[in-house]
Amino acid sequence: GGGETRWIDLDKAAGDRTSIEYIARCAWLPDSRAAVLQTLNRAQNHLRVWIVDRSGGDVRLALEETSPTYINLHRDLHFLPDGERFLWVYERGGYRHLYLHAAKGGPAVSLTSGEWVLRSAGGAEPYLGSVAWIDAPGGQVLLHAASPSPLETQVFRVPLDGKAMVRVSEGGGTHSATVSPGGRFFVGEYSRSGVPPRLTLHRIDGS
């Protein structure tokens with residue numbers, strides 16, 4: 001509706017003009033006090049996540065990832081309500097897993113691990129993320145994973161300390177969860193070979 005335009009100087013923040021060719025994603029922190037930008041170089045093997053202050057335009061690097069080949073973009077950047085922590089997906093070691101980062105840096109906490117991968121929730125949009133819901137006060141995440149079989153997609157609950165992952169969905173096949181705004185319920189969609197899609201209503205614990 002008006003107001004002054006504030007330009008974001010990513011070249012200055014990055015220190016050179018060639019390392020940023022693409023602004024691949026753009027979002028806001030939960031309280032809208034800062035924008036979050038993901039940038040890539042031309043070869044798309046150097047990704048950075050920047051936090052940009054809305055009022056002053058100050059730019060801070062929150063995450064940096066490099067690869068000798070290529071980095072797959074995804075939709076699994078999720079900031080917790082405090083804006084100080086966020087979830088991120090890495091493909092380290094060849095498997096796609098979820099990590100918890102501090103926005104101001106430091107080592108990431110691995111929330112999932114093993115010889116299986118996180119799976120997109122599917123749906124109309126081709127690049128929906130793996131995370132279905134984040135309960136920050138309760139310290140847990142609901143996510144989709146190709147476990148125990150790569151032929152299946154199951155719904156799991158994992159705590160933010162990464163100590164134990166619990167399967168929420170039942171039955172072999174493809175499952176997805178759409179969580180209600182208050183986080184008390186989810187609609188589960190289930191299908192498998194020979195069985196058309198079926199919708200069921202669950203409490204958040206899967207019952």
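At a glance:
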item	result
Cleavage-rule hits (chymotrypsin sites (Phe, Trp or Tyr not before Pro)) in the range 88-159: DSSP loop, at most 13 neighbouring Cβ within 10 angstrom	TYR127
Computed magnitude of the charge dipole of the range 46-149 (debye, nearest 20; Cβ of K, R +1, Cβ of D, E -1)	80
Of SER169, SER67, SER113, the one that fluctuates the most in a GNM where the chain has Cα springs shorter than 10 Å	SER67
5 angstrom amide H check on ALA103, placed H, neighbours 5+ away	ARG85, PHE86
Estimated vicinal HN-Hα couplings, Hz - the range 108-118 in sequence order (Karplus 6.51, -1.76, 1.60; Gly, Pro = x)	7, 9, 6, 8, 10, 7, x, 8, 7, 10, 5
Length gained when the stretch ALA136-ARG17 is fully extended (0.36 nm per residue, less Cα-Cα span)	39.1 nm
Relative contact order computed over the chain (Cα-Cα under 8 Å; 6+ residues apart), in percent	10
Dimensionless Rg over Rh [the range 1-156; C-alpha; Kirkwood]	0.98
In order through the range 169-177: 3J(HN,Hα) via Karplus (6.51 cos²θ - 1.76 cosθ + 1.60), integer Hz, x for Gly, Pro	7, 10, x, x, x, 10, 10, 8, 10
Accessible-area ranking of GLU170, GLU64, GLU152, largest first, probe 1.4 Å	GLU170, GLU64, GLU152
Separation of alpha-carbon centers, the range 127-206 and the range 47-97, rounded to whole Å	23
Local net charge near ALA62, Cβ-Cβ under 12 Å (Lys/Arg +1, Asp/Glu -1)	+1
Ratio of the Cα radius of gyration of the range 83-207 to 2.2 N^0.38 Å, where N counts its residues	1.04
Within a Gaussian network of the chain (alpha carbon springs, distance under 10 Å), most fluctuating of THR178, THR153, THR18	THR18
Zero-based 5 Å bins, Cα pair distances in the range 161-207, whole percents	5, 20, 27, 21, 17, 7, 3, 1
Fraction of alpha-carbon pairs over 18 Å apart in the range 1-85 - percent	43
Size of charge dipole - the chain - debye, nearest 20, with Cβ of Lys, Arg +1 and Asp, Glu -1, no other charges	260
The range 69-138: translational diffusion in µm²/s, Stokes-Einstein, Kirkwood Rh over Cα pairs, 4 °C, 1.567 mPa s	99
Sulfur and carbon atoms: percent of accessible area, the chain [1.4 Å]	51
Which of LEU160, GLY94, GLY173, positive extreme of dipole for the range 26-179 (C-beta unit charges)	GLY94
Per residue, in Å², the accessible surface of the chain once ligands and nucleic acids are set aside, probe 1.4 Å	56
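The values are calculated or read from the model by the stated rules, or taken from the named source; none is laboratory data. Only a predicted model underlies this, so the values are computations on that prediction, with no experimental measurement involved. As a convention, Cβ positions derive from the backbone with ideal geometry for all residues, glycine included, and neighbour counts pool all protein chains shown. Accessible surface areas use protein heavy atoms only, side chains included; no ligands, DNA or RNA. Shrake-Rupley method; radii C 1.70, N 1.55, O 1.52, S 1.80 Å.
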